[in-house]
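For reference, the structure is listed below as structure tokens.
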Amino acid sequence: CHNKPYTYSVTAISGDTYSWTVTNGSIVAGQNTNSITILWDTVGTGTVAITQTSPAGCDSTISRTINILYTPDPIILGPDTVCHNKIYSYSVTAIGGDTYSWAVTNGTILAGQNTNTIDVIWGTAGTGSITITQTSPQGCDSTISANITILYTPAPIITGDDSVCHNNIYTYSVAN
């Protein structure tokens, strides 16, 4: 999967030196050792090659072609500051064949689980989060999260008489 780290290695032999080369990827750890970690950059094919040299100067070079698969890169669209007990929509760009799994803390998904768009009603004032795992048909996946600030929403209750005489003055109020 592209944009994911993978480790490649050869058997370590004392005194030997190792020189790795990579196309369509970047070595992020292990150069000059018998084991490297590669972050594959581009969907398509790449290669990983190693030249192993003995202390006497004899060397061998081998390479391997790697099939690099698409990995989703979701970006959650929707507000990061909300009012509690209100419904908000969140989405990621739809990619044909991909699957979607959402999770929410301090809120409830009302609609859209397993799609690229969900509706969430947020719980008590404070903080919450929203997480999406998007998976390609080949099994490559990405998970991202966003923190949500949940603000207090007033819920006034009107107090006062509900049966009245006309031409009389009555007082109505809500909690201060």
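Rule-based calculations on the coordinates, nothing more; no lab input. Just so it is clear, the structure is predicted and the values come from calculations on it, not from any experiment. FYI the Cβ positions are ideal-geometry reconstructions off the backbone, even for glycines, and counts take in every protein chain you see.
Which one is right for this structure if percent of Cα pairs over 20 Å apart is calculated from it: [x] 60; [y] 56; [z] 68?
[z]
Under a 10 Å cutoff between Cα atoms, tell me which one of 46, 57, 160 has the largest fluctuation in the Gaussian network model of the chain.
In this elastic network of the chain, the residue with the biggest mean-square fluctuation among 46, 57, 160 is 160.
Connecting C-alpha atoms closer than 10 Å in a GNM of the chain, tell me which of 41, 59, 80 has the biggest fluctuation.
59
Given axes a ≥ b ≥ c from the Cα gyration tensor, I'd like to know whether region 96-137 is rounded (a/c under 1.5), prolate (a/b larger than b/c) or oblate.
Note, shape of region 96-137 comes out prolate.
Return the ratio Rg/(2.2 N^0.38 Å) for region 110-176, where Rg is computed over Cα atoms only.
Normalised Rg, Cα atoms only: 2.11.
Give the relative contact order (percent, whole number) for the chain; include only Cα pairs under 8 Å separated by 6+ residues.
16 percent
Please compute the length gained on full extension between residue 163 and residue 129, using 0.36 nm multiplied by the number of residues separating them and subtracting their Cα-Cα distance.
Extending this stretch completely gives an extra 7.7 nm.
Relative to the present Cα-Cα distance, how much length would full extension add between residue 73 and residue 51 at 0.36 nm per residue of separation?
In short, 4.5 nm is gained.
Count neighbours as other Cβ atoms within 10 Å of each site's Cβ, and list the chymotrypsin sites (Phe, Trp or Tyr not before Pro) in region 111-173 that are DSSP loop with at most 10 such neighbours.
Counting only loop positions with at most 10 other Cβ atoms within 10 Å, the chymotrypsin sites (Phe, Trp or Tyr not before Pro) in region 111-173 are 170, 172.
Non-local amide H neighbours of residue 140 (under 5 Å, H modeled in plane, Pro and chain starts lacking H): which ones?
none
Taking only Cα atoms and a 10 Å spring cutoff, compute GNM fluctuations for the chain and point out the largest among 11, 115, 23.
11
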